Amino acid sequence: MTRNLGFLVLAFLVLASICESAIFNPVSDSHRSAALDLFSPTDGTFRSLEETYKALRTFEVLGIEKKSDIRTSACASVVDTLRSTSSVLKDVFEALRVNGILKCELNDEAFGGIASRLKVSLSDANSLFDFYYSIGGLVLIKDQTSEIDLLIGDSHAIFRSIKALGQSDGRWRISSSNTDSSTSAAGIALETLAGVISLASSEVDQSLIATLINDVLRLFEGIERYDDGASYFDEKLVDASGHQGPLSASSSVVCGITAFAASTSESLNLPGEKILGLAKFFLGIGIPGSAKDLYYQIDALVCLENIRHVRVSTVLGSAPPLAVKLRQIFISGSKDASVIDQILKFDPDTAVHVLETLPANVDIGNHIFSFEIILEDAEDKKHYAIGGRTKVPVHVTGVIKFDDAEIAVLDSDLGNIETQKKYALHLSSCFTVWLFLDSLKPYVKLPPHTAPLGMEVGPAQACAVKVVVHDHSSIFTLCLFFDQRSSNQPETHSVVPGLELPGENAVSLSANHLQRLRLSFRLTTPFGHSFKPHQDFLGLVEKLFYLSGKYDIQLTVGDSVMENSFLQPLGHIELDLPDAPEKAAPPPPKHVDPYSRFGPKAEISHIFRSPEKRPPQELSLAFLGFVLLPLFGFLAGLFKIRANLNNMPKSTLPATFAFLFHSGIGSILLLYALFWFKLDLFTTLKALGLLGMFLMFVGHTTLSHLASTSTKLKSS
Amino acid sequence: MVAAPQKTLTISLFITLNLISILPLLTFSFNPDEPTNRQILVLLDDLSLRSSHSIFFSSLQSRGFNLDFKLAQDPAISVKRYGQYLYDGLILFSPSTDRFGGSLDLEGVLDFVDSGHDLILAADSNASDLIRNIAAECGVDFDEDTSAVVIDHTGYAVSETEGDHSLIAADDFIQSGVILGSKTIEAPVIFKGIGHSLNPENSLVLKVLSASSSAYSANPTSKLSSPPSLTGTSISLVSVVQARNNARIMISGSLDMFSNRLFRSGVEKIGSLKKHGKSGNQQFATEISKWVFHERGHLKAVNLKHNKVGETGEPAIYRINDDLEFSVEIFEWSGASWVPYVADDVQVQFYMMSPYVLKTLSTNQKGLYHTSFKVPDVYGVFQFKVEYQRLGYTTLSLSKQSPVRPFKHNEYERFITTAFPYYGASFSTMIGFFIFSIVYLYNK
């Protein structure tokens, strides 16, 4: 009996589920470029041995040749770590792992030293990681050299003490003092126990292994499932390094189980669909974005088997003799299914099953091919789980012939052909018709039918738009695009009704009940069946919100199975629509062009008041001269009448007062002159007040003296 | 006995001091003074999105953002504590969530944006009413038909597995270097999701990535029974909003657009001969997230100064017809530091009810903008206003009040030649009076 850990993971099943959402191959060049991006050493070295190992392991699996670049620095680090007696257990383990890949130059002596050190640490290990690193290290040494005796004597005791950390639900505790159990610890524990079994000097007790298998099965009972069938182990424990997530936990468990299964001869009998679910989970992640996640994914996939090359193969071994059958073809959108029993041809060189001939009734459209796996050997059915029927969507596309395009304005509602004004549509392209069927190239190889099936359409086919479809089920969508570029109206609305071609051959647009615009065309499939659409557009006037003006018409004909979908501007029409009735919906608000809202504004500069108009300076000066003339006349008059000052008081005191009086008047006049030149009103008034009082006093004295003199003179 | 209350006091003081020391950890909206070390809450439908979209997240983390991942249903979600927001930004990658856990709801998200925080929202064909309503509040109306996705028969990305032409290769980007970066996005962006239209009444929302004119929004698996409601270039695939408080929002109809798978995938647009080894998604998502989180296009204006020509101090009041100089410095946040903003279209307004002067400022190419002009001959309370609204940039709205007075009475011209005849008349009369008074009194 072979080892019974066999799960036939149908690559089909996994991949088909993925190809619904993915557009790349499960593990592909994208993974390689991602790995190179994510694992990029700084100055040729990685930060730690752990990271070095993860990078090397990922590169190795993906087949990336980068070893030589890293080798020198990594080996130096490995040798340092292994020679040093003070290095941490974890580093020793990581160094051995790196060495396992790089094969650095280390002699058996060095290995011996490390081995004895690991054995010592094993004897006083108390946490799961201590066991893991010690046992793992010993296993790695065993793989790298055969000279040293690595067998451990007290394997039973070690086995029991590791097992003691296990919980009833299949999970493991990290150490005896820690009460939290973890799923990824279970994976580590299983890997460690597998190491113990392989290193044990005597056979490990079968009852111990049986309980362990029970633990594994219980662990699988706690698996989480997605709706699409993907399963994963969730990690509930949040340790110091943060939430590890389901990816690392699942990866750890898968690798633990693989190691365990490899080391024991007992049957594990794991549920097949859960293993399939796990494979789905790892592939469904796509390309992880972090180095750690990528490592976990790749490591888990390697543990599950080499799924790099997409083949029908088992996860943990090569495929048994089997056959793949194409069972049924469904056409999407209809319940019809054609039952076919066609066995795919197996190509032993590439291990790919090829569908050589396409069933005759496959035309363009969306189909679902249902494949089934049949094991040739009835005995194998006991060991392999088959993922059921695998449904693969296949899109058969083709070039659709488009001709007889015509656009016409009908003058009457009846659309009498005689009254049409016809305009030919020129669609100047040459179509060839071919079928291709390589949508699933990477998974199921189907020979691409690229041979043209004839039917060439010459350029510039005039009249009547014809779109050709022969297809019972496929949906053809015709969209008429009306873009109003109004020349005489400010509104710019784009009203874009689309329509389906339900089965007749013209699209007409009624402007009112007298005139209509008719677009007619014919679609023909490669098999020459014609298809006649017809649609009235009475409701369109409301859609245009009764806005008259110039409308551009674009015709889009397309479908997912039509390879020559196109968008064709047809020209423009002037629509003179009736006034909107009161109840009509108002046109929606205009869309403002986002670019026009931004940008600098026009500059504004202030217009200043213009200064008052003044007469020329000469004129003012001339008038000044005229104004001064009377003064000179006055002076001349005084001179003429021989005016004198003989009445001046002769005695000192009155003369002084008279002098002060006149100089007072003079200074007031001078003050007025100063006021004009520089003084302000307040200073002037102050000075005027003082001068006024002084003037009153001296004026009174002087005038009374003059009056008394004159009275004396009269009386005498 | 007396010591007990004192002890209580000491403890409460101790707690208060501790709280004060925690306070700086609470964050506010984008703060020009503290632009780094920002917290972002990421709400996911499923934690596996963390790894399937990890390139996008790690690009944010590498730019100094602290991402706090939570399930959208997590009852511990809270964005606000004691009236302070705990996050600067919110990423809603949870299209199918009907209700958020914890205290967050539609109002909470809107309040979060209203207080100046940024939001990235991605929907897909499972978008829930909650997500649709949040988008609708931002001026984005997703197609009401819940089964509809964007289909484009002439602009789809060639794919080996996908046959319904709903994987769109979109390359109709907004022409804005500040939103999408100065480097043009060569490869088309792969989009798979639902389309939306912009609410015409919302003037703040902008279409960043729009569908081609042959696209329409419909259910790809069923026959069209009525014309699709969204068609052509009116379909927006990705839109952004910059609110009046400079909070920025990005709304995308596709969550897959940000996934590692589409970031790394090659793209070949149907009908185009060029096959790109890598889609434009990563560049697009990275650049637009830089914009959303204010790493680009965030302006600040400082040192707004004005003075009379020939002086340095800022006068309390200007007189009409004064010549004045105006200057302001504008800087842009580059993600790491403030760099001078260089443009030639910054304008200043001298404004009272309406602008009296509107002038474009000249720049020294180092962030300083200056100009000089004459104060209008109208007096009143004026404002210097800088209203700078450019596509993608935060709005600068500065104003500084400065009154303008007319001439004082002694500031008018004193010796007007035209008036000389009047002065001549007055003074000649005065001189005549002086002589007359002497002659009259003393003539014999």
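Computed quantities for the displayed model
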| read-out | value |
| --- | --- |
| Pairs, first assigned by TED's automatic domain parsing to the domain that holds residue B:262 and closer than 16 Å to residue A:284 by Cα in region B:49-69, second surrounded by 22 or more Cβ atoms within 10 Å (Cβ to Cβ) and of a type in the set (Phe, Trp, Tyr), C-beta under 8 Å, six or more apart | B:49/B:93; B:50/B:57; B:53/B:93; B:53/B:258 |
| Hits in region B:53-112 (condition: in contact with a Pro (Cβ under 9 Å, 6 or more places away or on another chain) and in a loop (DSSP other than H, G, I, E, B)) | B:101, B:102 |
| Whichever residue in region B:158-187 is out of contact with any Pro (no Cβ under 6 Å at 6 or more places or on another chain) and modelled with pLDDT under 85 and, among such residues, is farthest from the other protein chains (Cβ to nearest Cβ) | B:158 |
| Residues of region B:70-101 that turn out to be crowded, with 16+ Cβ neighbours inside 10 Å and either outside the structural domain of residue B:118 (by TED's automatic domain parsing) or not hydroxyl-bearing (Ser, Thr, Tyr) (or both), as a count | 16 |
| Of all residues making up region B:184-204, the number that are within 23 Å of residue B:228 (Cα to Cα), among the hydrophobic types (A, V, I, L, M, F, W, C) and touching a helix residue (DSSP H, G or I) at 6+ places or on another chain (Cβ under 7 Å) | 2 |
| Top-ranked residue in region B:404-444 [being in a loop (DSSP other than H, G, I, E, B) and among the charged types (D, E, K, R); ranked as nearest to the other protein chains (Cβ to nearest Cβ)] | B:444 |
| Residues that are over 17 Å from residue A:81 (Cα atoms), among the hydrophobic types (A, V, I, L, M, F, W, C) and not in a helix (DSSP H, G or I), drawn from region A:104-149 | A:125, A:148 |
| Selection within region B:193-214 - closer than 26 Å to residue B:261 by Cα and more than 9 Å from chain A (Cβ to nearest Cβ) | B:193, B:194, B:195, B:196, B:208, B:209, B:210, B:211 |
| Residue ID - nearest to residue A:611 (Cα to Cα), chosen from residues in region B:312-349 that are of a type in the set (Val, Ile, Thr) and touching a residue at least 60 places away in the same chain (Cβ under 8 Å) | B:320 |
| Pair list, Cβ < 6 Å and 6+ apart or interchain, from region A:592-605 residues that are at pLDDT below 85 to residues that are among the polar types (S, T, N, Q) | A:598/B:389 |
| Checking residue B:47 against (1) surrounded by fewer than 22 Cβ atoms within 10 Å (Cβ to Cβ); (2) not in a loop (DSSP other than H, G, I, E, B), the condition it does not meet | (2) |
| Leading residue by the ranking (nearest to the other protein chains (Cβ to nearest Cβ)) among those in region B:324-362 that are among the acidic types (Asp, Glu) and surrounded by fewer than 18 Cβ atoms within 10 Å (Cβ to Cβ) | B:345 |
| Condition met for residue B:423 (outside the structural domain of residue B:244 (by TED's automatic domain parsing), under 30 Å from residue B:176 (Cβ atoms) and either of a type outside the set (A, V, I, L, M, F, W, C) or surrounded by 15 or more Cβ atoms within 10 Å (Cβ to Cβ) (or both)) | no |
| Candidate set: region B:293-322, residues that are assigned to a loop (DSSP other than H, G, I, E, B) and β-branched (Val, Ile, Thr); chosen: the one nearest to residue B:361 (Cα to Cα) | B:309 |
| Region B:253-280, residues that are in a helix (DSSP H, G or I), of a type outside the set (A, V, I, L, M, F, W, C) and out of contact with any Pro (no Cβ under 9 Å at 6 or more places or on another chain) | B:256, B:261, B:264 |
| Among the candidates A:266, A:235, A:203, residue that is in contact with a Pro (Cβ under 9 Å, 6 or more places away or on another chain), modelled with pLDDT under 80, not in a strand (DSSP E or B) and not polar (S, T, N, Q) | A:235 |
| Residues being within 32 Å of the chain's Cα centre (by Cα), farther than 27 Å from residue B:290 by Cβ and surrounded by fewer than 18 Cβ atoms within 10 Å (Cβ to Cβ) - total across region B:146-178 | 1 |
| Any hit, region A:648-661, residues being more than 26 Å from residue B:411 (Cβ to Cβ) and touching a residue at least 60 places away in the same chain (Cβ under 8 Å) | yes |
| In region B:381-397, residue nearest to the other protein chains (Cβ to nearest Cβ) [restricted to those that are surrounded by 17 or more Cβ atoms within 10 Å (Cβ to Cβ) and of a type in the set (A, V, I, L, M, F, W, C)] | B:391 |
| Options B:383, B:389, B:349: the member that is within 30 Å of residue B:409 (Cα to Cα), within 22 Å of the chain's Cα centre (by Cα) and not aliphatic (A, V, I, L, M) | B:349 |
| Within region B:363-378, tally of residues that are away from chain A (no Cβ under 12 Å) and farther than 26 Å from residue B:246 by Cα | 2 |
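Yes/no per residue for (1) of a type in the set (Val, Ile, Thr); (2) in contact (Cβ under 8 Å) with a residue 24 or more places away in the chain; (3) in contact with a strand residue (DSSP E or B) (Cβ under 8 Å, 6 or more places away or on another chain):
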| site | (1), (2), (3) |
| --- | --- |
| B:170 | no, yes, yes |
| B:175 | no, no, no |
| B:179 | yes, yes, yes |
| B:187 | no, yes, yes |
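The values are calculated or read from the model by the stated rules, or taken from the named source; none is laboratory data. Computed from a predicted structure; not experimentally measured. Here the Cβ is made from the backbone with ideal geometry for all residues, glycine too, and neighbour counts use every protein chain on show.
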